[in-house]
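Participant: Please find one structure pasted underneath; my questions will follow.
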Amino acid sequence: MKAVVTVGNGGYDKLIYGDVDVPVPGPDEVLIRVLAAGVNNTDINTRLGWYSSSVTAGTEGFASVQQGQADTMRDGGWNGATGFPLIQGTDCCGLVVAAGSSADENLIGRRVLVRPCMRPSGFGSPDMIWMASDFDGAFAQFVKVPASEVFTVDCAWSDAELATIPCAYGTAENMLHRAGVKAGDWVFITGASGGVGSAALQLAKRRGAKVIASTSPSKIDVVKSLGADAVIGRGAVAFEFLRELPVDVIVDNVAGGDFGWWMKLLKRGGRYVSSGAIAGPMVNLDWRDIYLKDITLIGCTAWDEPVFPNLIFYIERGEIRPLLARTYRLADMAEAQRDFLKKDFVGNLVLIPPS
């Protein structure tokens, strides 16, 4: 089969498109023909080794200096060093074509989404493994996954539209679930034009929350069309606007230089929930903002049990919509990642493997 194999930490030269063996499913696994695979920050961060504690820059800044780096970072992946070579691709919409001896044969022929965050020790444990970080993912014609992690979906969406969902919407729904976002809450969402941010906006509105979204000036109108109650730019002007509002929850995957201001926006008893740090992992914080206002900080990587079933339910009931920005051939992975880092789109980029 054709696949894009990441052979180490570094630049786009580490993405090799070519032939590899079709995976063989084990007893509890299914084989999926990949119909479409979304592109995410985690794909780029894993290739770069950005998760290493030695990295202090944001994704874009680190990418600009990492092109010649060939060494595998000892702590550059989700759970330590990434095992290269690796087929990445966290988002998978596909068709089940084979089932292991202990898997449900009724899945064969069904269009499915794969839950990429897997909890092998159960949902009561923080242990997790991620498709495309801990084992081969969907940037290929075929992928094998545990049968327990595939979810059939009945809707009129295209394959590419479904491939926008798993990582971005799962991450966003997990943050809202953990933070207990409910009707009437004022929710401030950073990076609202990105995959996770735009998903969080839709999902928060679905819960009946009032949403203030932050994005770049060129994308304000598009983000407003997604249902935000207010859309603002970044920096000091945004802070002055928001400080008059009773912000209950901040939903953030940006971090970076504005983090300290955001803490001051939360009302007493507010919740700050984070799933990333694309603007930079190093932040400034006045700790008095935390303890004097009884603020709760919530970090989110492992997904809770209701998250992915919730998304399937929302899709089938028409309660959310996909934000498909562009599609690319699988062979054009490097071009897709370059365009991803430009951040000149709203929503998600998706790769289409050869049929």
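Participant: What is the set of long-range amide H partners of N253 at a cut-off below 5 Å, with H atoms built 1.01 Å from backbone N?
Facilitator: Those lying under 5 Å, H to H, from N253 are T190, S275.
Participant: Tell me the angle of helix 166-179 to the major Cα principal axis of the chain, expressed in degrees between 0 and 90 and rounded to the nearest ten.
Facilitator: 40
Participant: Got a number for the accessible area of S158? Probe 1.4 Å, square angstrom, nearest 10.
Facilitator: Counting only protein heavy atoms, S158 exposes about 50 Å² to solvent.
Participant: Would you mind pulling out the separation of the Cα centroids of region 1-33 and region 261-327, in Å?
Facilitator: Between the Cα centre of region 1-33 and that of region 261-327, the gap is 31 Å.
Participant: Taking a 25 Å limit on the Cα-Cα distance, which of the listed pairs K264/K342; K14/K219; K14/K144; K210/K342; K2/K144 fall beyond it?
Facilitator: Cα-Cα > 25 Å for K264/K342; K14/K219; K210/K342; rest within.
Participant: Which aspartates and glutamates have a Cα lying under 14 Å from the Cα of K293, excluding residues fewer than 8 positions away in the same chain?
Facilitator: Correct list for K293: D248.
Participant: Would you compute the Debye intensity of region 207-355 from its alpha-carbon atoms alone, equal scatterers and no solvent, and pass along log10 I(q)/I(0) at q = 0.12, 0.17, 0.20 Å⁻¹ to two decimals?
Facilitator: So the normalised log intensities work out to -0.66, -1.24, -1.48.
Participant: Also: Output the peptides 29-36, 164-171 sorted from most to least packed, where packing is the average of other Cβ atoms within 10 Å over each peptide's residues.
Facilitator: The peptides rank, most packed first, as 164-171, 29-36.
Participant: With θ taken as phi - 60° and the coefficients 6.51, -1.76 and 1.60, list the Karplus ³J(HN,Hα) couplings across region 272-288 in order, rounded to whole Hz; mark glycine and proline as x.
Facilitator: Result, rounded to whole Hz: 10, 10, 9, 10, x, 8, 5, 8, x, x, 8, 10, 9, 8, 8, 4, 5.
Participant: 5 Å is the cut-off here: which amide hydrogens, built 1.01 Å from N in the peptide plane, fall below it relative to F142, excluding neighbours closer than 5 in sequence?
Facilitator: Excluding prolines and chain starts, which carry no amide H, the hits are V34.
Participant: Sticking with this one: Which three extents, in whole angstrom, do the alpha-carbon atoms of region 79-182 cover along their principal axes, largest first?
Facilitator: The Cα atoms of region 79-182 stretch 37, 36, 26 Å along their principal axes.
Participant: Would you mind checking which residues have amide H under 5 Å from G11's amide H? H placed 1.01 Å from N; only 5 or more apart, or other chain.
Facilitator: Those lying under 5 Å, H to H, from G11 are Q69.
Participant: Could you give each residue of region 135-152 its phi-based ³J(HN,Hα) in whole Hz, using Karplus coefficients 6.51, -1.76, 1.60 with θ = phi - 60°, and x for Gly or Pro?
Facilitator: Here the 3J(HN,Hα) series is 7, 4, x, 9, 7, 6, 6, 9, 9, 10, 9, x, 4, 5, 9, 9, 10, 5 Hz.
Participant: So, one more: Using the Karplus equation 6.51 cos²θ - 1.76 cosθ + 1.60 (θ = phi - 60°), what ³J(HN,Hα) coupling, rounded to whole Hz, does each residue of region 298-307 give in order, writing x for Gly and Pro?
Facilitator: 10, x, 10, 10, 5, 7, 7, 4, x, 4
Participant: Related question: Between L285, L323, L48, where does the largest GNM mean-square fluctuation fall for the chain, given springs only between Cα atoms within less than 10 Å?
Facilitator: L285
Participant: Right, here's the next one. Can you give the helix-only mean residue ellipticity at 222 nm for the chain, where every DSSP H stretch with n ≥ 4 adds -39500 (n - 2.57) and the sum goes over all residues, rounded to the nearest 500 deg cm²/dmol?
Facilitator: Theoretical 222 nm ellipticity from helices: -7000 deg cm²/dmol.
Participant: Scan [x] 69, 51, 48; [y] 58, 47, 39; [z] 106, 102, 35 for the value of Cα extents along the principal axes in Å calculated from this model and give just the label.
Facilitator: [y]
The values are calculated or read from the model by the stated rules, or taken from the named source; none is laboratory data. These numbers were taken from a predicted model, which means no experiment stands behind them. Neighbour counts are summed over all protein chains in view; Cβ atoms, including those assigned to glycine, are modelled from backbone coordinates with ideal geometry. With ligands, DNA and RNA removed, areas are computed over all heavy atoms of the protein, side chains included. Shrake-Rupley method; radii C 1.70, N 1.55, O 1.52, S 1.80 Å.
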